[in-house]
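The numbers here are math on the coordinates, done by the rules we state, and not lab data. Owing to the predicted nature of the structure, the values given are computational and were not obtained by experimental measurement. Counting neighbours? That spans all protein chains shown, and the Cβs are built from the backbone with ideal geometry, glycine included.
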Amino acid sequence: MNSKERIEDLILPACIAIREVFKDELSAGKAIDSNARSKMSAFGASIVMGSMKATIMNYCNGNAEDGDINKKLMGCLWQLLKEEKCFSPEFRSPKICSENGIETLKKIVMEEDNSADKYEEDILTAATAIKMALNLFPLKKQKEGASE
């Protein structure tokens with residue numbers, strides 16, 4: 001299966017992951033912050049142009065600017081990586097899985113010496129599917145200078 005077919009097969013599972021992770025916003029009738037789509041694009045570009053380990057650490061850091069949206073996107077990514085028919089069974093291994101998927105994702109990427117070679121394609125494929133699936137949800141632009 002080529003990369004395009006794989007991404008197309010992942011759109012529905014990506015929608016399910018987005019619905020689950022962003023359930024508070026969606027169940028309240030709110031739209032998802034439109035920055036989510038651009039943040040997912042930047043995530044992929046950062047991996048391709050830079051370092052997967054640094055990118056994962058940055059996006060999993062809750063103290064970073066936009067930490068909340070980043071953590072939600074990493075939650076979507078983790079859920080999608082556990083999709084049985086499309087990704088490595090290692091993402092579902094009871095040995096590494098825990099309640100906190102973001103911490104598990106960090107652990108996998110940071111602790112394995114060859115994680116960039118081993119998982120980069122899977123992570124980029126999942127990120128692309130999430131970015132595309134976000135187009136199927138209502139997105140809201142944050143007003144400049146507005147605070148919540």
Tilt relative to the chain, helix 35-49 - C-alpha long axis, 0 to 90 degrees, to 10: 30
Estimated distance in nm for a label pair at Glu121 and Asn2, the labels positioned 7 Å out from Cα along Cα-to-Cβ: 1.4
Relative contact order of the chain, pairs being alpha-carbon contacts under 8 Å that are 6 or more residues apart, as %: 40
Mean Cβ count within 10 Å, highest first, over the residues of peptides 81-93, 8-20: 8-20, 81-93
Potential extension, Glu112-Lys85 segment - 0.36 nm per residue separation minus Cα distance: 7.4 nm
Acute angle (nearest 10 degrees) that the helix 3-21 long axis makes with the longest principal axis of the chain, alpha-carbon atoms: 50
Reachable lysines from Lys82, criterion Cα separation under 28 angstrom, eight or more residues apart if same chain: Lys4, Lys23, Lys30, Lys39, Lys53, Lys71, Lys72, Lys95, Lys106, Lys107, Lys118, Lys131
Length gained when the stretch Lys30-Ser46 is fully extended (0.36 nm per residue, less Cα-Cα span): 2.9 nm
The chain - mean residue ellipticity at 222 nm from DSSP helices (-39,500 (n - 2.57) per run, n ≥ 4, rounded to 500): -20000 deg cm²/dmol
